[in-house]
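> Here you go, one structure.
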Amino acid sequence: MKRVLWIPLLMLLLAGCASSKITSTWKASDASGRKYNKILVVGLIKENDRSLREHMEDHLVGDLKELGYNAISAYSEYGPKEFDGMDEQTAIARLKSNGVDAVITIVLLDKEKERRYVPGRMMYSPYGYYYGRFWGYYGALQRRIYEPGYYVTDTRYFWESNLYDLGDQHLVYSVQTQSFDPSSSEALGHEYGQLIVKSMVKNGVLDKNALPPKAF
């Protein structure tokens, strides 16, 4: 007998997939992987929940450290208003005095919400037990048709991360991503950090020689 994949099972499998993906990247022509002494990760995220910024910064810092880099979070190191009232010269001087020679920004470019309808039952199998007899089919389909559905709201995040070399303050690498309806800010930060670091290694921006065995 032919086997049919039920949609609920397929949905469960899809739910376990990554919610973030890279949409575009850019690399300076003179960019090459190097071992920075200290990388500052700073989030520019206008959100009421400060935990989103903390999670985004902390996870990217953690993934950089696993790669062998000395990385710090701007929120943890300097607080939520680290550069308020500073001019460019003062801010750069402060970072360099702390040993920072590269900065990775995490910017929330946009955030969209969309509402969609989920039917009450999302299952189809022509080989189900009730299809063989009229009354079984009639009763099963009647219940399915009249079972109420519901609306859910999905959230889509649009991100951009840039790597700047503080030696001459030029842009080394830029990557844009989308994140679709993450389960939590913790999960989003974890997934995003890994995605960005892997992208920078793959494109030769960060030194992959510092990679621990089997990390990538």
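> Name, by its number, the condition in (1) small (Gly, Ala, Ser); (2) in a helix (DSSP H, G or I); (3) within 16 Å of Val103 (Cβ to Cβ) that does not hold for Ala31.
Answer for Ala31: the failing condition is (2).
> Taking Glu66 as the residue in question, decide whether it is farther than 19 Å from Gly167 by Cβ, touching a residue at least 24 places away in the same chain (Cβ under 8 Å), part of a helix (DSSP H, G or I) and among the acidic types (Asp, Glu).
Yes: the conditions hold for Glu66.
> Just give me the residues in region 56-75 being out of contact with any strand residue (DSSP E or B) (no Cβ under 9 Å at 6 or more places or on another chain) and within 24 Å of Phe158 (Cα to Cα), in sequence order.
His59
> Please find, within region 69-103, the residue that is surrounded by the fewest Cβ atoms within 10 Å (Cβ to Cβ) out of those that are at pLDDT 90 or above, small (Gly, Ala, Ser) and not in a helix (DSSP H, G or I).
Gly99
> Is there any pair linking a residue in region 84-110 that is in contact (Cβ under 8 Å) with a residue 24 or more places away in the chain to one that is among the β-branched types (Val, Ile, Thr) and in a loop (DSSP other than H, G, I, E, B), with Cβ under 6 Å and at least six apart or on different chains, and which?
Leu108/Ile45
> Is region 186-199 home to any residue that is assigned to a helix (DSSP H, G or I), of a type in the set (S, T, N, Q), surrounded by 11 or more Cβ atoms within 10 Å (Cβ to Cβ) and modelled with pLDDT of 65 or more?
Checking region 186-199: at least one residue is assigned to a helix (DSSP H, G or I), of a type in the set (S, T, N, Q), surrounded by 11 or more Cβ atoms within 10 Å (Cβ to Cβ) and modelled with pLDDT of 65 or more.
The values are calculated or read from the model by the stated rules, or taken from the named source; none is laboratory data. What you see is a predicted model, and the numbers here were worked out from it, not measured in a lab. Every residue, glycine among them, receives a Cβ derived from its backbone with ideal geometry; neighbour counts consider all protein chains shown.
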